[in-house]
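A short worksheet on the structure shown next.
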Amino acid sequence: QSDPVFSRKGNDLEATITITLKEALLGFSRELEHMDGRRVTISATGVSQYGRRIKIAGEGMPIHNVPSEKGDLFVTVNFEMPRTLSDEQRRIVEETFGKPSSA
């Protein structure tokens, strides 16, 4: 069956989560509801690059004829960029990362 969150690749599952830019820079912890209703925690510390893949061993599909073993869950992390910045936010970004270079 098709699932809105998970896609299957063999015994592995894949999912995508979207975090904020703040979470991408500082770290995050999210709970993802598994297909069987259990909650699986997805977390990272520090900076996460766009498209980062986090592997959670043993959270995939049961292996055929060996139900005690499971594949893995791979979670791709995306983040949303803010559409605009206030003057104060822009000032803070420039202080932290420097002013943009001239083209």
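The values are calculated or read from the model by the stated rules, or taken from the named source; none is laboratory data. Computed from a predicted model, the values in this text were never measured in an experiment. Please note: Cβ atoms are built from the backbone with ideal geometry, for glycine as well, and neighbour counts cover all protein chains shown. For accessibility, only protein heavy atoms count, side chains too; no ligands or nucleic acids. Shrake-Rupley method; radii C 1.70, N 1.55, O 1.52, S 1.80 Å.
Which residues' amide hydrogens lie under 5 Å from the amide hydrogen of Ile63, considering only partners 5 or more residues apart or on another chain, with H built in the peptide plane?
Distant-sequence amide H within range of Ile63: Glu69, Lys70, Gly71.
Mind counting lysine pairs for me in the chain? Cα separation below 26 Å, and the two need to be 8 or more apart along the chain or on different chains.
Lysine pairs satisfying the spacing and distance rule in the chain number 5.
Only helical DSSP H runs with n ≥ 4 go in: add -39500 (n - 2.57) per run for the chain, normalise by residue count and round the 222 nm mean residue ellipticity to 500 deg cm²/dmol.
Mean residue ellipticity, 222 nm, calculated: -4500 deg cm²/dmol.
Which ³J(HN,Hα) values, rounded to whole Hz and listed in residue order, are derived for segment 25-40 from phi using the Karplus coefficients 6.51, -1.76 and 1.60 in 6.51 cos²θ - 1.76 cosθ + 1.60 with θ = phi - 60°, glycine and proline given as x?
Calculated HN-Hα couplings, in order: 8, 10, x, 7, 9, 9, 9, 10, 7, 6, 4, 8, x, 5, 9, 10 Hz.
Measure off, as a whole percent, the carbon and sulfur share of the 1.4 Å-probe accessible area of the chain, all protein chains present.
50 percent
For the Cα atoms of the chain, what angle does the longest principal axis make with the long axis of helix 87-97, in degrees from 0 to 90, nearest 10?
Value to nearest ten degrees: 80.
Among 11-17, 95-101, what's the highest-first ranking by average C-beta atoms within 10 angstrom per residue?
11-17, 95-101
Counting C-alpha atoms alone, how compact is segment 1-47: give Rg to one decimal and Dmax as a whole number, in angstrom.
When restricted to the Cα atoms of segment 1-47, Rg and Dmax are 12.5, 36 Å.
Provide Rg and Dmax in Å for the chain, with only Cα atoms included in the calculation.
My reading of the Cα-based Rg and Dmax gives 18.2, 62 Å.
Nothing charged except the Cβ atoms of Lys and Arg (+1) and of Asp and Glu (-1): what's the magnitude of the dipole of segment 1-65 about its Cα centre? Round to the nearest 20 debye.
Roughly 200 debye, rounded to the nearest 20.
Rounded to the nearest angstrom and ordered from largest down, what semi-axes does the equivalent ellipsoid of segment 24-84 get from its C-alpha gyration tensor (root of 5λ)?
Values: eigenvalues 160, 26, 19 Å².
So the three semi-axes of segment 24-84 are 28, 11, 10 Å.
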